[in-house]
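Report on the following structure.
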Amino acid sequence: MQGVWRIQIGNGSIHGLHRYSASEHISLAQKGYNSSLQYDTQYSLMYIYSSDSRMPVYYRLLPGNIREVKSFKNCFREAGLEKAVIIADKGFYSQTNLEMLLQEELLFILPLRRSNTLISYQDLKENTFKSGDSFFTHEQRPIWYKTFEIADPTNSTNKPLKAIVYLDEQLRIREEADYLRRIKTHPEKYSIQEYHNRKDRFGAIALLTVLEENEEGTYETYKSRMSIEVMFDSMKNILEADHTYMQNEQTLQGWMFVNHITLQWYQHLYIELKEKKLLKKISVNDYIQMLTDVKKIRINGTWYLNVFAAHTQRLIDKLGVKLI
């Protein structure tokens with residue numbers, strides 16, 4: 001089961017997963033709460049992703065009863081990282097987690113739910129949010145922002161705690177259209193009254209941070225987590241590595257190492273397709289399936305390429321793959 005947090009670390013990222021296990025021979029399997037607030041026997045997987053090479057480079061299995069915040073520093077030390085910026089999901093924020101991050105003097109970006117009382121949306125309601133030159137361009141669209149300092153008595157660091165609210169108009173339009181559509185398709189869950197309660201917050205993203213970066217830099221760092229999302233979706237959906245039936249810790253460690261190598265190969269193929277601008281035409285899974293047709297056969301003691309489909313040859317040509 002996927003966890004609730006991802007962590008950007010200097011030139012890398014960490015991703016956390018929770019997995020259930022009923023085995024009595026895996027000491028890592030301990031009872032502990034996860035992102036779904038389920039108290040069950042489980043273990044955690046912490047992953048580091050390098051944003052320079054865009055590859056998974058480090059993993060560590062942790063007992064299920066260990067709080068993630070407590071395990072961050074040891075993970076950083078083992079990976080040889082000196083400076084880290086933690087990027088969490090919305091479900092990660094709590095006063096307890098915030099206090100632990102501040103006590104450990106860790107850098108972080110915590111996205112907040114739109115219902116969080118730390119954030120004021122009055123400017124959005126009064127249509128005065130977009131003022132002056134407080135905007136930048138992200139992926140060819142303007143992003144407006146406002147920054148608020150947050151007073152927190154648990155913050156003993158010399159870094160001010162601040163909340164930044166961003167407004168993405170294109171996101172606002174998509175969210176508004178999606179909500180209105182759901183009123184028609186799922187009237188038992190969505191209503192026009194609730195639409196009017198939420199409409200002023202559509203398109204808004206609120207980030208809580210102690211980073212000294214400017215608003216644009218903080219936003220870009222937060223958005224970089226999408227690369228990690230893509231990689232771990234592949235781990236879960238394509239490689240089917242989101243569950244295990246290992247019965248002891250030795251086989252679990254071996255299974256995890258094989259998955260780590262497989263994930264690296266998958267990411268290598270993904271990067272190749274992305275750099276050649278082929279991702280819109282073919283997925284990594286399709287790429288793998290097509291290349292399984294490329295085989296050699298032995299005839300009278302000599303190896304020859306077997307015949308394969310023309311569309312596979314076109315893919316090979318576009319990728320510049322040389323068949324020997």
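Along the Cα→Cβ direction, 7 angstrom out, place labels at residue 298 and residue 131. What is the inter-label distance in nm?
For the pair residue 298/residue 131, the computed spacing is 7.9 nm.
Setting aside same-chain residues fewer than 8 positions from residue 162, which aspartates and glutamates have a Cα under 18 Å from its Cα?
Straight-line reach from residue 162, under 18 Å: 89, 99, 104, 105, 123, 149, 152, 212, 213, 215, 216, 220.
Which of the trypsin sites (Lys or Arg not before Pro) found in the stretch 252-282 are loop residues per DSSP with 15 or fewer other Cβ atoms within 10 Å of their Cβ?
Filter output for the stretch 252-282: 276, 277, 280, 281.
From the alpha carbon gyration tensor of the stretch 78-154, can you work out the equivalent ellipsoid semi-axes (sqrt of 5 times each eigenvalue) and give them in Å, largest to smallest?
28, 18, 11
Please compare each pair in 199/280; 90/125; 90/146 to a cut-off of 25 Å on the Cα-Cα distance and tell me which ones are over it.
Exceeds cut-off: 199/280.
Find, among the GluC sites (Glu not before Pro) in the stretch 66-168, those assigned to loop by DSSP (not H, G, I, E, B) with at most 10 other beta-carbon atoms within 10 angstrom.
Qualifying residues, ordered by number: 82, 126, 139.
Under the 0.36 nm per residue contour assumption, what length would be gained going from the current alpha-carbon distance of residue 74 and residue 120 to full extension?
That pair, residue 74 and residue 120, stretches by 12.9 nm at full extension.
Using only Cα atoms, what is the ratio of the radius of gyration of the stretch 277-319 to 2.2 N^0.38 Å?
Computed over Cα atoms of the stretch 277-319, the ratio equals 1.37.
Laboratory data are not the source of any read-out in this text; all were calculated from the coordinates shown. Here the structure is a predicted model, which is why all the values come from computation and not from measurement. When we count neighbours, we look across all protein chains shown, and the Cβ atoms used for this are built from the backbone with ideal geometry, even at glycine.
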